[in-house]
Amino acid sequence: MRSEKFGQDYRRRSMLVCVLVGATALRTVAQPDRQVAITIDDLPAGNAKFMSGAEIADMNSRLLAKLREQRIPAVGFVNESKLYKLGEVDERIKALAMWLDSGFELGNHTFAHTSLNQAGLKAFEEDVIQGEVVTRWLAAQHKMKLRYFRHPYLDTGRDLETRREAEAFLIARGYRIAPVTVDAWDWMYGRVYEDARERGNTALEKDLLKDYLEYTDTMFAYAERLSKELVGYELKQILLLHANQLEADHLHELAAVIRRRGYRFINLAEALSDQAYSLPDTYIGEEGTDWLDHWAITRGKPAQGHPVFPAWVIERDKAISRPASAPAP
Ligand SMILES: [Zn+2]
């Protein structure tokens with residue numbers, strides 16, 4: 001009787017173990033160990049020219065609070081031209097210092113968001129140098145180095161000679177180029193969102209957020225598929241975001257979408273340790289694009305099936321009246 005019961009228990013436990021092992025194996029197959037690094041461009045704010053120093057400080061402090069709460073490492077890429085507004089320079093520099101005070105890292109995104117493709121090599125290089133003065137000083141105060149560079153508009157050169165010369169210049173100045181593999185155009189969602197926010201159009205804010213989160217989810221699925229096609233596994237992704245009100249208000253919801261896909265957040269250095277980032281890359285073009293695209297085009301097999309950006313957001317963005325000098329991505 002006793003031994004029979006023992007036998008039953010044992011069998012039940014063995015079955016349970018089998019079921020658990022099976023479930024773990026299934027989960028492993030269905031859910032790879034997904035990792036993503038977050039990068040945030042256009043600091044201290046995409047729209048800095050049209051914001052007060054106080055608004056910029058408030059936006060950055062809310063964005064940083066969300067990153068900290070979510071335990072998400074991030075590198076913020078700076079356009080120092082946005083610091084120079086008479087009477088506000090100190091406040092604007094403090095908004096950058098907050099990043100370092102909170103344990104985040106800053107990188108260079110050129111002084112005036114200069115496109116290598118549009119400005120040419122010499123002007124680009126000068127803008128890189130002009131763009132590192134305050135940031136390098138702030139980093140040194142925090143015993144950190146300025147070590148990352150992000151190309152404005154992701155424009156990496158329209159011919160290979162220029163591209164390679166620019167890269168050699170950046171490396172000589174101590175930079176590692178920060179690629180992008182996931183880009184859900186939050187700068188455009190963000191522009192329309194900020195306009196809706198100013199007008200108090202909360203219904204539009206909601207619609208934009210919903211669409212933005214869905215589009216980001218779709219872009220991750222696309223990046224995962226391309227990764228597997230290119231390297232046979234899901235590489236450590238690098239997501240491009242921008243310093244705007246959309247992220248400052250909703251970054252936690254974005255993080256939830258990304259976590260739901262099975263991701264954990266890593267820092268940029270960890271992401272760059274993925275061997276994929278040393279794949280051959282001879283991409284050149286008028287238009288900047290992400291690195292999955294670079295690698296696919298380099299192989300002579302341009303990526304197919306890029307998710308279509310919602311036309312209604314483009315239409316809304318066009319409808320916003322803004323000065324000709326309005327900021328771009
Ligand atoms: Zn930018």
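The values are calculated or read from the model by the stated rules, or taken from the named source; none is laboratory data. Keep in mind that what you see is a predicted model, and the values were worked out from it rather than measured. No Cβ is skipped: glycine too gets one built from the backbone with ideal geometry, and neighbour counts run over all protein chains shown. The protein model used for the area step is the full one, side chains on, heavy atoms only, and it has no ligands, DNA or RNA in it. Shrake-Rupley method; radii C 1.70, N 1.55, O 1.52, S 1.80 Å.
To keep it simple, each residue is scored yes or no on (1) within 16 Å of the ligand (Cβ to nearest atom); (2) of a type outside the set (V, I, T); (3) in contact (Cβ under 8 Å) with a residue 40 or more places away in the chain.
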| site | (1), (2), (3) |
| --- | --- |
| K145 | no, yes, no |
| R158 | no, yes, yes |
| T162 | no, no, yes |
| R191 | yes, yes, yes |
> Which residues, counting only those in segment 185-211, are open to solvent by less than 30 Å² (accessible area, probe 1.4 Å), hydrophobic (A, V, I, L, M, F, W, C) and within 13 Å of N244 (Cβ to Cβ)?
Replying inline: M188, V192, A196, L208, L209
> Do you know which of the residues in segment 148-179 that are part of a helix (DSSP H, G or I) and among the aromatic types (F, W, Y) is most open to solvent (accessible area, probe 1.4 Å)?
Replying inline: Y153
> Taking into account only those residues within segment 238-288 that are part of a loop (DSSP other than H, G, I, E, B) and under 13 Å from the mean Cα position of the chain (by Cα), which is farthest from the ligand (Cβ to nearest atom)?
Replying inline: N267
>> Give me the residue from segment 216-235 that is open to solvent by less than 30 Å² (accessible area, probe 1.4 Å), outside any loop (DSSP other than H, G, I, E, B) and touching a helix residue (DSSP H, G or I) at 6+ places or on another chain (Cβ under 8 Å) and, out of that set, nearest to F309 (Cα to Cα).
In response: T216
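The rows are residues; the columns are (1) over 27 Å from E91 (Cβ atoms); (2) in contact (Cβ under 8 Å) with a residue 12 or more places away in the chain.
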site: H109; (1), (2): no, yes
site: Q118; (1), (2): yes, yes
site: V134; (1), (2): no, yes
site: W137; (1), (2): no, no
site: L154; (1), (2): yes, yes
site: T181; (1), (2): yes, yes
>> Can you go through A248, A255 and tell me which one is touching a residue at least 40 places away in the same chain (Cβ under 8 Å) and touching a Leu at 6+ places or on another chain (Cβ under 6 Å)?
In response: A248
>> Name the single residue that is farthest from the ligand (Cβ to nearest atom) among those in segment 39-50 being open to solvent by 10 Å² or more (accessible area, probe 1.4 Å) and within 16 Å of L241 (Cβ to Cβ).
In response: N47
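Of these, R13, R68, which one is modelled with pLDDT under 95 and open to solvent by 100 Å² or more (accessible area, probe 1.4 Å)? Please lay out each step first, then the result.
Details: R68 fails: modelled with pLDDT under 95.
Of the residues listed, the single one that is modelled with pLDDT under 95 and open to solvent by 100 Å² or more (accessible area, probe 1.4 Å) is R13.
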>> Just to be sure I understand the filter: pairs with C-beta atoms under 9 Å, separated by 6 or more residues or on different chains, first member in segment 290-315 and among the aromatic types (F, W, Y), second member in a helix (DSSP H, G or I) and open to solvent by 70 Å² or more (accessible area, probe 1.4 Å). Which pairs pass?
In response: W312/D207
